[in-house]
Amino acid sequence: MKMNKKLISLTIFGGLIFPMNAFALQKSETIYSTLNYKGDNIKTTVSNHLSFIDQSQIEDETELKNILNIGGIETFSLNGKKLTWNTQDKDIFYEGETEKKSPIEVSFKYFLNNEEKEVTDILGLSGKIKIQMTFSNKEEKKATINGHTETLYTPFVTTIGTILNSKNNKNISISNGKVVSTGSRHMVVGLASPGLYESIGLQEFKNLNEITIEYETTKFELNNIYIVSTPKLLESSDLEIFDKLVDGKYVELKK
């Protein structure tokens, strides 16, 4: 059975905001990665927003390729890694491609009736399906705490979302998440925080590096899975994502 590329694409969004200089100029960065069904990267695009601009010309540093202004007609020049924008006193929105690894990586394992399988071997089959997602936090730093060198990770809150039809799938469950049925389909949302356990060491956070979806199917299909990662500490407000499943009508994934 051939695999439809549309059904094996996954997307990761990661947002970063940081000041650029003393004039309160800020740069927000969002990373869009399209992955295959194993979690291998296919393409990564970075979108940048330069804001609070009160100068006719600003400088930015970038390693992006194929840079494109996506928010206006402002021009730029590129000299090595130095990117100079003629801003016309306006915010700048631009994007480009990168080969750098994403700060959050994910790998997938697929099981049919409790046996790990290649996803290509189980397409169209029936049985009990388990999809295991393991997240890795690559934003690590060394720090000296009480005389000992510790590895600390930039905190990320990661939300995943996918939809399964009710015709072929039932008894759906997800770890660290919620499933809501609309009758014709099931909306599945989960939450992870990769690196939190490694940084803090609390046993309660040990399973927050993984999300597992399990269900019974009469015809297994590989659906899109959308992943949103934001660098922040896990807060109680992040759990409100599950409250967004109002009457099972929609899933709102926030950056």
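What follows is calculated from the coordinates using simple rules that are stated; it is not laboratory data. From a predicted model like this one, the values you see are computed outputs, not experimental measurements. Note: ideal-geometry Cβ built from the backbone for every residue, glycine included; neighbour counts use all protein chains shown.
Translational diffusion coefficient of the stretch 102-199 at 20 °C, 1.002 mPa s, Stokes-Einstein with Kirkwood Rh over Cα pairs, in µm²/s as a whole number.
134 µm²/s
Quick one: what Rg and Dmax do you get for the stretch 149-229 from the alpha carbons, in Å?
15.2, 53
Between Lys43 and Thr182, what length in nm is gained on full extension when 0.36 nm per residue of separation is reduced by their alpha carbon distance?
Value of the extension gain: 46.7 nm.
Starting from the Cα gyration tensor of the stretch 22-160, multiply each eigenvalue by 5, take the square root, and state the resulting semi-axes largest first in whole Å.
39, 23, 12
With labels modelled as points extended 7 Å from the Cα through the Cβ direction, what inter-label distance (nm, one decimal) is found for Ser56 paired with Lys141?
3.8 nm
So what's the net charge close to Thr62: Lys and Arg +1, Asp and Glu -1, counting the other residues with Cβ under 12 Å from its Cβ?
The answer is -2.
May I ask you to list the residues of the stretch 97-138 whose amide nitrogen lies under 18 Å from a point 7 Å from Cα along the Cα→beta-carbon direction of Glu221?
119-131
Excluding same-chain residues fewer than 8 positions from Lys138, which aspartates and glutamates have a Cα within less than 19 Å of its Cα?
Glu29, Asp40, Glu63, Glu99, Glu105, Glu150, Glu198, Glu210
Test of understanding: what is the full-extension gain from Ile73 to Thr154, defined as 0.36 nm times their sequence separation minus their Cα-Cα distance?
25.6 nm
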